[in-house]
1. Over the stretch 250-356, what relative contact order in percent results from Cα pairs under 8 Å that are six or more residues apart?
2. When you count, for each residue, the other Cβ atoms within 10 Å and take the mean per peptide, how do 87-98, 156-167 rank with the highest first?
3. From the phi angles alone, apply the Karplus equation (6.51, -1.76, 1.60; θ = phi - 60°) to the stretch 170-182 and give each ³J(HN,Hα) in whole Hz, x where the residue is Gly or Pro.
4. Can you tell me, using C-alpha contacts under 8 Å and at least 6 residues apart, the relative contact order of the stretch 152-299 as a whole percent?
5. Per DSSP helix of 4 or more residues, -39500 (n - 2.57); summed, then divided by the residues of the chain. What does that give at 222 nm, rounded to the nearest 500?
6. How long is the gain from residue 79 to residue 258 if the chain were fully straight, where each residue apart is worth 0.36 nm and the alpha carbon distance is subtracted?
7. When only DSSP loop residues count, what trypsin sites (Lys or Arg not before Pro) in the stretch 280-335 have their Cβ near at most 15 other Cβ atoms within 10 Å?
8. Subtract the Cα-Cα distance of residue 204 and residue 95 from 0.36 nm times their separation in residues, and report this length gain in nm to one decimal.
Amino acid sequence: MAAKSFDMIVIGAGPGGYVAAIRGAQLGLNVAVVEREHMGGICLNWGCIPTKALLRSSEVFHLMHRAKEFGLKADGIGYDLDAVVKRSRAVAKQLNGGVGHLLKKNKVTAIMGEATLAAKGKVSVKTDKGTEELSAPHIVLATGARARELPGLEADGDLVWTYKHALQPPRMPKRLLVIGSGAIGIEFASFYNTLGTDTTVVEVMDRILPVEDAEISGMAKKAFTKQGMTILEKAGVKQLDRAKGKVTAHIEQGGKVTKQEFDTVISAVGIVGNTEGLGLEALGVTVDRTHIVTDEFCRTGVEGLYAIGDIAGAPWLAHKASHEGVMVAELIAGGKPHPVKPGSIAGCTYCHPQIASVGLTEAKAKEAGYKIRVGRFPFIGNGKAIALGEPEGMIKTVFDAKTGELLGAHMIGAEVTELIQGYVVGRQLETTEEDLMNTVFPHPTLSEMMHESVLDAYGRVIHI
C-alpha cells in the first residue's frame, strides 16, 4: 500500500500538536495529526482543564463557608465528591469534542493510533484497523510528557496516586501526603485541603514552589499553613510501607527520619518526556534526560524534524507548547516567525491563593548582574480586593535600575492568574517603568495594584 503523503505530519494532539496542525492547515498545508489517546492531550483531558474545574468547586465550597461575612446565609454546607468529579470530567469531555471539531473544520486529517518514525520523512501508525504508512517532508513531534515515578514511590491507584488518580479519586482522603510542591502538587494539596482533608506537603528543595520568587513562596507557605496544611521543606520521602488502607511514610528532614501514617499519597515529583518507541535513536535525534534537544526554532538537527512542547523541555506549560506549534507551522509554510522566549512565558498556579509570575525573580535578576529596583503592593491597600473579601496577597515588580526595563513580576492573591497577562504584554512590548506609570488603570479593579507596585519601585506609591 502506497504511503499517504502530506506536507506536514504532527505526532500528538495536545495543546502543542493540535494547534500546530490547525495553524499549518490555515496556511494552506495538507496536514495530518496522529494521536494515540485523547484529542487535546493531557492538558485538556487530565491536566490543566479538569484540575481547574475541581479547584473551582473547592473555591465555591470555601466561599460558602464564608457566607456570613457577606451578609448571606448558607446552612448544611456539604459536597458530593462524585458530582464534583463528574462536573470536571464533563468540562474535559466538552473541550475534547471541541478539538475534534476544530481539526475537522480546518480539514486536518486526524488519525487515532501509535506513531513511529519509520525513516526520515516517514511515519508508521498502528491503528485498531492495522498499520497506516504516511509520509511528509516536515514532521512535528508533540508527544508530551508523563508523571515521573520514583523507585519505591510508584503509584498503585489505591494508596499511592498520580495526578490521574487524584482527578478521579476512588475515595476522599482523610490524611493525605503530597510529595512535591510544584504547581501540580500544590494544586491538589489545595483542592483536598479545602474539602477537609488533613494535608501534608513534602518538598525536597529549601522552599515550596521553588521556581517562584522566594518572597512569594514565603507568603504562600504562610497562607497554606493558616489553612491547616503541614508544609515540610528540605525534606524527602525515603520509603513507603503499604498496608491495607494505610501507608507509612519514612520522611527525612534535617538528617532525622520520622514515620508518619497516611491513607493516601499523591506523587507530583516532575515529569519525563514521552520519547520511547518513536524511533528517535535510529534517526540520530539527541535526547537529554528524556527531552529532545532543539534550537530556538524547535528544530531537532534532523532535517524536517521538529519537537515542541513538553517533549522539548522546560517550561512545561501548555501555552508554551501552543505558541511553539504556531511558530513551527509558520516556519514550515515559509514564514519568518519569532522564536518563543522562555522569559516571556508566564507561569500560573491555581491554588488558593493563586500565584502567577513572569520573567526573572529578584534573586535571579541579582544573579544575572542587574542593579535592580523592586516594588511591592499589598492587596490590603486595594479597594476592590477588600470589597471582594480577598485582602491577602501582594504584587511585586522587578526593574533594571539602569534602563527601567521590567525584568519580572510576581503575584500572589485572588485572580492573579488573570492579572499577570498585563505584565506579559508589557514585557513583549519592551515596556519601561515610565510607560507603566503613565498607563491609566481603571478603578476599582485589582489591576490598580499593578500600577501601584511599579510606583512603589520608584518611591512614588500612593496608597500605602
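1. Relative contact order, the stretch 250-356: 15 percent.
2. Ranking the peptides 87-98, 156-167 by packing returns 156-167, 87-98.
3. Once θ is set to phi - 60°, the couplings for the stretch 170-182 become x, 6, 8, x, 8, 10, 10, 10, 10, 9, x, 10, x Hz.
4. It comes to 26 percent, rounded to a whole number.
5. -9500 deg cm²/dmol
6. Extra length from residue 79 to residue 258 when fully extended: 61.0 nm.
7. When the trypsin sites (Lys or Arg not before Pro) of the stretch 280-335 are filtered for loop state and at most 15 Cβ neighbours within 10 Å, 289 remain.
8. My answer for the length gained is 35.7 nm.
Throughout, read-outs are computed from the coordinates displayed, never taken from laboratory work. Treat the numbers as computed from the prediction; the structure is a model and nothing was measured. All Cβ positions, glycine included, derive from the backbone under ideal geometry; neighbour counts span all protein chains shown.
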